[in-house]
1. Kindly evaluate A91 against the criterion of being at pLDDT 95 or above and not hydroxyl-bearing (S, T, Y).
2. Could you list all residues from the range 5-43 that are among the aliphatic types (A, V, I, L, M) and within 15 Å of R117 (Cα to Cα)?
3. Just need a number here: residues in the range 1-25 that are within 17 Å of the chain's Cα centre (by Cα) and farther than 16 Å from A74 by Cα.
4. What residue, among those in the range 99-115 that are over 17 Å from A16 (Cα atoms) and surrounded by 10 or more Cβ atoms within 10 Å (Cβ to Cβ), is modelled with the highest pLDDT?
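The values are calculated or read from the model by the stated rules, or taken from the named source; none is laboratory data. Since the model is a prediction, treat every value here as computed from it, not as a measurement. Because the Cβ atoms are built from the backbone with ideal geometry, glycine has one as well, and the counts that use them run over all protein chains shown.
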Amino acid sequence: MSASAAQVRQLRAMVAEPTEATYTDEALASAIEVYPLLDPLGLAPYTWDYSTTPPSQLAQDTWIPTYDLHAAAAQVWQEKASLHAGNFDFAADGASFSRSQAYEMAMKQSRHHAARRAPTTLTQIMEPRRTGGEAYPANAPELED
């Protein structure tokens, strides 16, 4: 699994980083690869092997690299906001400096991209698996006072 150069360029545009001064292509590619999606054919990037403890991921060789760039952009904007979190507003010599605006704008961009990320689902697996005769805690008889 690796992000393409086109995906890195697109993420660079989404996070307003035209040069590699702050984020290298490798760093942006790593941010992209954290958010894989089902490919256009509906294949997941990996399957789970439950024969090992803990279960391990097995890469799908036929998966077409497809990533959620909005999720990656939201992550990068949050990182950029954290750099400005300590900035504060002040006035000196008759001038007013609103340095906290950089943090607010980075968080606004993070929320913008987070709202556009791909929807995801979560499959819950109950462990340990219960057999038919065991009572579930929600169905257990109530205790009398």
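1. no
2. Step one: filter the range 5-43 for residues among the aliphatic types (A, V, I, L, M), giving 5-6, 8, 11, 13-16, 21, 27-29, 31-32, 34, 37-38, 41, 43.
Within the range 5-43, L11, M14, V15, A31, I32, V34, L37, L38 qualify.
3. Residues meeting the conditions: 3.
4. The extreme case among them is S100.
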